[in-house]
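A.B. asks: Below you will find the structure I want to go over with you.
The values are calculated or read from the model by the stated rules, or taken from the named source; none is laboratory data. The model shown is predicted, which means the values in this text are computed figures rather than measured ones. Using ideal geometry, Cβ is built from the backbone for each residue, glycine included, and neighbour counts are taken over all protein chains shown. With ligands, DNA and RNA removed, areas are computed over all heavy atoms of the protein, side chains included. Shrake-Rupley method; radii C 1.70, N 1.55, O 1.52, S 1.80 Å.
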Amino acid sequence: MDITEIRRHLPHRYPFLLVDRVLEIARGESILACKNLSVNEPFFQGHFPDKPIFPGVLLIESLAQTAGILGFYSQHKTNEDGSTYYLAGADDVRFRRPCVPGDQLMLRARILSSRRGLWKFDVSAEVDGELAASAVILCADR
């Protein structure tokens with residue numbers, strides 16, 4: 001998926017759209033997407049000015065957006081249909097390495113379960129094959 005197709009599946013827009021491209025997607029199973037970190041992004045101006053680091057909460061948000069795309073795609077839905085995915089929880093969150101300008105985040109999500117509009121995903125982010133973060137997140141389809 002290119003950015004136009006991603007925008008059909010997510011309600012987020014600049015500066016809060018944190019997925020640049022979907023590289024692989026298997027309906028009902030998994031997704032691989034990427035986010036390119038540029039020093040020009042607004043959060044780097046204050047986090048931290050002398051040593052810019054991608055904020056951990058935004059890393060989790062980018063993983064949640066990736067999972068949301070997978071959830072919508074798996075149900076043959078788009079944001080235009082009136083559904084929205086909300087981040088409902090995060091467990092076992094671990095940050096392994098800082099992500100900095102110039103990094104390309106490889107974002108992965110795998111569906112663990114789906115019941116009554118509550119989706120559970122195993123998510124992870126890598127940079128150059130090195131694990132940057134992982135979690136189990138819950139998303140609510142409303």
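A.B. asks: With label points built 7 Å along Cα→Cβ from the Cα atoms of Glu24 and His76, find their separation and express it in nm.
C.D. replies: The answer from the label model is 2.5 nm.
A.B. asks: From the phi angles alone, apply the Karplus equation (6.51, -1.76, 1.60; θ = phi - 60°) to the stretch 12-21 and give each ³J(HN,Hα) in whole Hz, x where the residue is Gly or Pro.
C.D. replies: Using θ = phi - 60°, the values come out as 5, 9, 3, x, 10, 7, 10, 10, 8, 7 Hz.
A.B. asks: Mind pulling the angle between the C-alpha long axis of helix 56-74 and the longest principal axis of the chain? Nearest 10 degrees, somewhere in 0 to 90.
C.D. replies: 30 degrees
A.B. asks: Please tell me the relative contact order of the chain in percent, rounded to the nearest whole number, where contacts are Cα pairs under 8 Å and at least six residues apart.
C.D. replies: 26 percent
A.B. asks: Per residue, how much accessible area does the chain have with a 1.4 Å probe, in Å²?
C.D. replies: 52 Å²
A.B. asks: Can you give the convex hull volume of the alpha carbon atoms of the chain per residue, in Å³? Each step should come with its number before you reach the end.
C.D. replies: Values: hull volume 14.3 nm³, N = 142.
In the chain, the Cα convex hull volume per residue is 101 Å³.
A.B. asks: For an R0 of 22 angstrom, estimate the FRET efficiency from the Cβ-Cβ distance between Tyr14 and Asp50 and round to the nearest 0.05. Walk me through the numbers before you get to the answer.
C.D. replies: On the way: r = 25 Å, r/R0 = 1.16.
Calculated transfer efficiency: 0.30.
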